[in-house]
1. How large is the translational diffusion coefficient of the range 126-214 in µm² per second when you combine the Kirkwood radius over alpha carbon pairs with Stokes-Einstein at 37 °C and 0.692 mPa s?
2. Have a look at the DSSP beta bridges in the chain and tell me what percent are antiparallel, nearest 5.
3. At Ala133 and Ala93, where each label point lies 7 Å from the Cα along Cα→Cβ, what is the point-to-point distance in nanometres?
4. Tell me, what is the percent relative contact order of the chain, built from C-alpha pairs under 8 Å that lie six or more residues apart?
5. Residues of the range 78-100 with the amide nitrogen closer than 14 Å to a label point 7 Å from the Cα of Glu141, along Cα-to-Cβ, please.
6. Just for the range 18-162, what percent of DSSP beta bridges are antiparallel, to the closest 5?
7. Could you give the nm distance between label points at Ile201 and Arg85, where each point is 7 Å from its Cα heading toward the beta carbon?
8. Classify the range 101-169 as rounded, prolate or oblate from the Cα gyration tensor: take a ≥ b ≥ c as the square roots of its eigenvalues, call it rounded if a/c is under 1.5, otherwise prolate when a/b beats b/c and oblate if not.
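Every number in this text was worked out from the coordinates using simple rules, so none of it is lab data. All figures in this text were calculated on a predicted structure; none of them were measured in a lab. For neighbour counting, all protein chains shown are included, and Cβ atoms are generated from backbone atoms with ideal geometry for every residue, glycine included.
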Amino acid sequence: MSTAPAGGVTVRVPAKVNVQLAVGAARPDGFHDLANVFLAVSLYDEVTVTPADALTVTCSGPDSDQVPLDRTNLAARAAELLAARNGRPGGAAVHIHIAKNIPVAGGMAGGSADGAGALLACDRLWGLDTPVAELLGMCAELGSDVPFSLLGGAALGTGRGELLTPLDAGSFHWVFAVADGGLSTPAVFREFDRLAEGREIPEPQASPALLAALASGDPDALAGTLANDLQPAALSLRPQLARTLAAGTAAGALAGIVSGSGPTTAFLVRDDEAAAKVAAALEASGTCRTTRIATSPTAGATRI
């Protein structure tokens, strides 16, 4: 990944893992209230914006052929929203290039990261210096995970995940197993609703034990508290993910969990040595396409 060409701005944005994803019942607007404990992890996309005659999007990197290059792309929508808010006479006349390194449609908020990256990059390119609170408000309009992609670090997301409270977090090591193909987040939520029919769903709450483990930096304590209410729905749609989870824990991971809506699975490990061992065992198991090693937390969207 290279720096921005002359006249351009490049922003680096991280992937995320949800160490807790508590999901409430469907709301009248179709969304769900969440208690979503995010960690930004050291897998990044880089979003470069340069002046152009019209809004265009290109993408390179792993699985870039799966990334939409039209105005449905969150990066394009972010540029248009910022331009409209500021009454730019030429609109969002920029070229956006996304250098992909976050798994696509993998439950790690890669599209949301690109939206946050484009928003910050266009803000800097156009010399707007929009206050962070306003940028976070625009992020929330773009999608539930976009605000955290801008903020990074560790945070509790409430509402539909867009209302953020920063959290204390020690350093943790992860292995991510990337599955073949993606999973649609709306499809996973629909399956959650189907599986939940006829039973009472409690209000989502952050786990005090998990928050304490996160702050302590103790991987053994955190391993015992990882939780994802969307995991049964993801496993219902992709049963083979159970084999991946079993392979990772058999290889020595402290815990395994579906990342967000999946199908990427996340394995908490003790250190770099354990990460290498678990990643090698997962790749040898044939239960995933590839693996990625990362640490958390890391900074949010950052100009480079």
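1. It diffuses with D of about 203 µm²/s by this estimate.
2. The antiparallel fraction comes to roughly 85 percent.
3. 3.4 nm
4. 26 percent
5. Within reach of a label on Glu141: 78-88, 92.
6. Here the antiparallel bridges make up roughly 75 percent for the range 18-162.
7. About 2.9 nm separates the two model spin labels.
8. Judged from the Cα gyration tensor, the range 101-169 comes out oblate (a/c at least 1.5, b/c at or above a/b).
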